[in-house]
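These notes concern the structure reproduced below.
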């Protein structure tokens, strides 16, 4: 009986941790809304918006969501959680089998200037590649920003 109680306890704990982890992950709708909000801020403030994106209390870092911005040549202009990427050209990045940044540039250059780009990316805290997509949106300043969300598991 003790073993059954222990097994059930472990199973319930694991289940509750998965539910809690899922609550900490942003949804596609939240990613799109944040990306649209970021485009509005860039249209109003230009590159001054990058400081707001980098501020954890600025309203542009929620759950696992954050804003990144690139020019149409592939240069990272702003990255809220990996500032070391700023200034690097990411156009040819394909570490995980996708030229995701090139695809984002193509989306930003499209007639619509916005949309979803799908790719694989390591799930936080693991090396497991999971389906992820970013909503990218070109702004009035001539570059684009995006926000990514993992596909629902």
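The values are calculated or read from the model by the stated rules, or taken from the named source; none is laboratory data. Please read these numbers as outputs of a predicted model, since none were measured by experiment. So basically every Cβ, Gly included, is an ideal-geometry build from the backbone, and we count neighbours across all protein chains shown.
The residues of segment 71-86 that are in a strand (DSSP E or B), touching a helix residue (DSSP H, G or I) at 6+ places or on another chain (Cβ under 8 Å) and closer than 18 Å to residue 117 by Cα, listed by number, are 76, 79.
In summary, residue 43 fulfils each of the numbered conditions (1) under 28 Å from residue 24 (Cα atoms); (2) outside any loop (DSSP other than H, G, I, E, B); (3) modelled with pLDDT of 95 or more with the single exception of condition (1). Note on segment 119-150: among residues that are free of Cβ contacts under 8 Å to residues at least 24 places away in the same chain and out of contact with any helix residue (DSSP H, G or I) (no Cβ under 8 Å at 6 or more places or on another chain), the one that is nearest to residue 65 (Cα to Cα) is 132. For residue 93, the requirement of being surrounded by 13 or more Cβ atoms within 10 Å (Cβ to Cβ) and part of a helix (DSSP H, G or I) is not met.
Just to be sure I understand, how many residues within segment 19-40 are loosely packed, with under 14 Cβ neighbours inside 10 Å, outside any loop (DSSP other than H, G, I, E, B) and within 14 Å of the chain's Cα centre (by Cα)? Number satisfying all stated conditions: 1. Of the residues making up segment 56-70, just one is surrounded by fewer than 16 Cβ atoms within 10 Å (Cβ to Cβ) and not in a loop (DSSP other than H, G, I, E, B), namely 62. Here is a check on your reading of the model: is residue 73 surrounded by fewer than 16 Cβ atoms within 10 Å (Cβ to Cβ), at pLDDT 95 or above and touching a strand residue (DSSP E or B) at 6+ places or on another chain (Cβ under 8 Å)? Criteria met by residue 73.
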